[in-house]
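Here's the structure we're looking at; comments come further down.
Bear in mind these aren't lab numbers, they're just calculated from the coordinates by the rules spelled out. This structure is a prediction, so every number in the text was calculated from the model and none was measured. So basically every Cβ, Gly included, is an ideal-geometry build from the backbone, and we count neighbours across all protein chains shown.
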Amino acid sequence: VGHLIHRDGEVVSEVVVAEDARDRTALVPADLQPQRVAVFAQPGSAELATEVAAVLGGEVLVLPDRDEAKTIAVVERGYLWLSDIGLDRGDLVVGVGGGALTDVAGFVAATYLRGVAAVYVPTTLLGAVDASIGGKTGINVGGKNLAGVFQHPRRVVIDRSVMMALPIHLVREGAAEAFKAGLIGDERLVDLYEAEGIDAPIMTVIDRAVAVKAHIVSADFRESSRRGWLNYGHTVGHAIEVAGGLSHGDAVAIGMVAAGAASRHKLGYADADRQRTILERLGLPVSAPPVAIDEVRRLMALDKKRVGTTLRMTLLRGIGDPVVTEVDDDVIAVALDAVGLG
Ligand SMILES: NC(=O)c1ccc[n+]([C@@H]2O[C@H](COP(=O)([O-])OP(=O)(O)OC[C@H]3O[C@@H](n4cnc5c(N)ncnc54)[C@H](O)[C@@H]3O)[C@@H](O)[C@H]2O)c1
Ligand SMILES: [Zn+2]
């Protein structure tokens, strides 16, 4: 059981839930017979990664924590380590950790020997519902995620016992993106968060949110219109994240409030208030911290999704009905005003 990601009619990646990821059959797709296995970890996942490596007869390299790992220097260290242990084209890279770790491990795997198979074991909710799905890898070079390649992991193994034991701050951080998945593609996930708040059963949340993202990225592997749906809340959110130094989840929550108001203004979206109430119930912020509005506007204008001279935003006509559309200044003003940047 799980979710398949297709491209041109072929399965390129599978997302499975395992009771316990420390299991060779769960981890290694049947058509792979790796001689060597290289397991990348971050500090918060080092213990699980060591056990995964033991099961696979592999070796572990623990990288720096969080985005400290997403540098060209760490990538080089990764290549040299793979070379030291003699990793070959038919071998396997396993990334065990949050999104930062799978982003860099995936980049190393996708580029070493022009591409070695990768398997991810996400250990954060954000990793499970977002970062491990869709085939984007990346590192930071000046700006965030500015260097990267597309390569799907062959398999994503979500360990149930890890997800059930997550600390609350990681549940909340991931809830912003899981809720976004509900808003753009699954009203029942919205209903679930509305009824249960942050205590919503995490494996149901994961299953439903993964289904939304797997469907969208199957339809459209590279960045274009449908992938743009995943940017709901990210235009204002990303600007506030940078300007205010917020966590990504908090920033996206605020960004969704802004996008909800813009959607109501431009498209008659009826659930803007409902969306905001649910975000509050999840313990996520719904208005911007004190940041300079000019800085937010400048950052929005720099947004790489900008086409020509008009800003594009992902808006909702209704829950499950997103559209990527050009927005003019009055819509942007409504969006910013809704989060206290009037
Ligand atoms: N590739 C994509 O499509 C995509 C999508 C979204 C986000 N991302 C990237 O994901 C990154 C953020 O990922 P993240 O939020 O998963 O966090 P992270 O990888 O930055 O890790 C967060 C922290 O949690 C710790 N940790 C990991 N697993 C844990 C566990 N089970 N229990 C306790 N602590 C644990 C880590 O050591 C780290 O300190 C960013 O770099 C972002 O750019 C990528
Ligand atoms: Zn995001």
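Within the chain, how many lysine pairs that are 8 or more places apart, or on different chains, have C-alpha atoms less than 17 Å apart?
9
Stretched out fully, how many nm does the piece from Asp294 to Arg317 gain, at 0.36 nm a residue minus the Cα gap? Could you put the intermediate results ahead of the total?
Details: separation 23, 0.36 × 23 = 8.28 nm, distance 2.83 nm.
Extra length available between Asp294 and Arg317 comes to 5.5 nm.
In the P(r) worked out for segment 49-193, what percent of Cα pairs fall beyond 24 Å? List each step's numbers first, then the result.
Working: 3241 of 10440 pairs.
Value for segment 49-193: 31 percent of Cα pairs lie more than 24 Å apart.
Can you run phi through the Karplus equation (6.51, -1.76, 1.60; θ = phi - 60°) for segment 62-77 and list ³J(HN,Hα) in whole Hz, with x for Gly and Pro?
Couplings: 8, 8, x, 7, 6, 6, 4, 7, 8, 10, 5, 5, 5, 4, 5, 4 Hz.
How big is the equivalent ellipsoid of segment 235-342 along its three axes, where each semi-axis is √(5λ) from the Cα gyration tensor, reported in whole Å from largest to smallest?
Values: eigenvalues 69, 65, 25 Å².
Result for segment 235-342: semi-axes of 19, 18, 11 Å.
Please give the Cα centre distance for segment 31-68 versus segment 214-289, rounded to the nearest Å.
Using only Cα atoms to place each centre, the spacing works out to 33 Å.
Count the net charge of all other residues whose Cβ sits under 11 Å from the Cβ of Ala253, scoring Lys and Arg as +1 and Asp and Glu as -1.
Here the count lands on -2.
Subtracting the Cα-Cα distance from 0.36 nm times the residue separation, let me have the gained length for Glu68 to Ala195 in nm, one decimal.
Going from the current span to full extension adds 42.0 nm.
Relative contact order for the chain: what is it in percent, counting Cα pairs under 8 Å that are at least 6 residues apart?
Values: 689 pairs, mean separation 49.0, N = 342.
Relative contact order of the chain: 14 percent.
Report the per residue volume, in Å³, of the convex hull enclosing the C-alpha atoms of segment 103-147.
For segment 103-147, the hull spanned by Cα atoms encloses 73 Å³ per residue.
So what J values fall out for segment 250-256 if you push phi through Karplus, 6.51 cos²θ - 1.76 cosθ + 1.60 with θ = phi - 60°, rounded to Hz, Gly and Pro as x?
Those phi angles translate into 4, 5, 5, 4, 4, x, 6 Hz.
Average the reciprocal distances over every distinct pair of alpha-carbons in segment 1-120, invert the result, and give the Kirkwood radius in Å.
Values: mean 1/r = 0.0690 Å⁻¹.
Here the Kirkwood hydrodynamic radius works out to 14.5 Å.
For segment 147-180 and segment 307-327, write down the distance between their C-alpha centroids in whole Å.
26 Å
In debye, nearest 20, what is the charge dipole magnitude of segment 148-215 about its Cα centre with +1 on Lys and Arg Cβ and -1 on Asp and Glu Cβ, if you could check? Each step should come with its number before you reach the end.
Values: 8 positive and 10 negative charges, 84 e Å.
So the dipole magnitude of segment 148-215 works out to roughly 400 debye.
Taking amide H positions as placed 1.01 Å from N in the peptide plane, with prolines and chain starts having none, which residues 5 or more places from Val141, or on another chain, fall under 5 Å of its amide H?
Amide H neighbours of Val141: Leu146, Ala147.
For Glu194, what is the net charge nearby, where nearby means another residue's Cβ is under 13 Å from its Cβ and Lys, Arg count +1, Asp, Glu -1?
So the surrounding residues net to -4.
Along the positive direction of the dipole of the chain (beta-carbon charges: Lys, Arg +1; Asp, Glu -1; about the Cα centre), which of Val60, Tyr193, Ile240 reaches farthest?
Ile240
Can you run the Rg to Rh ratio on the chain? Use alpha carbon positions and the Kirkwood inverse-distance Rh.
Working: Rg = 19.7 Å, Rh = 20.3 Å.
Reported Rg/Rh (Cα atoms, Kirkwood Rh): 0.97.
Between Glu19 and Asp328, how high is the FRET efficiency from 1/(1 + (r/R0)^6) when r is the Cβ-Cβ distance and R₀ = 56 Å? Nearest 0.05.
Calculated transfer efficiency: 0.65.
Taking the Cα centre as origin and putting +1 on Lys and Arg beta-carbons and -1 on Asp and Glu beta-carbons, what dipole magnitude results for the chain, to the nearest 20 debye?
My answer is approximately 680 debye.
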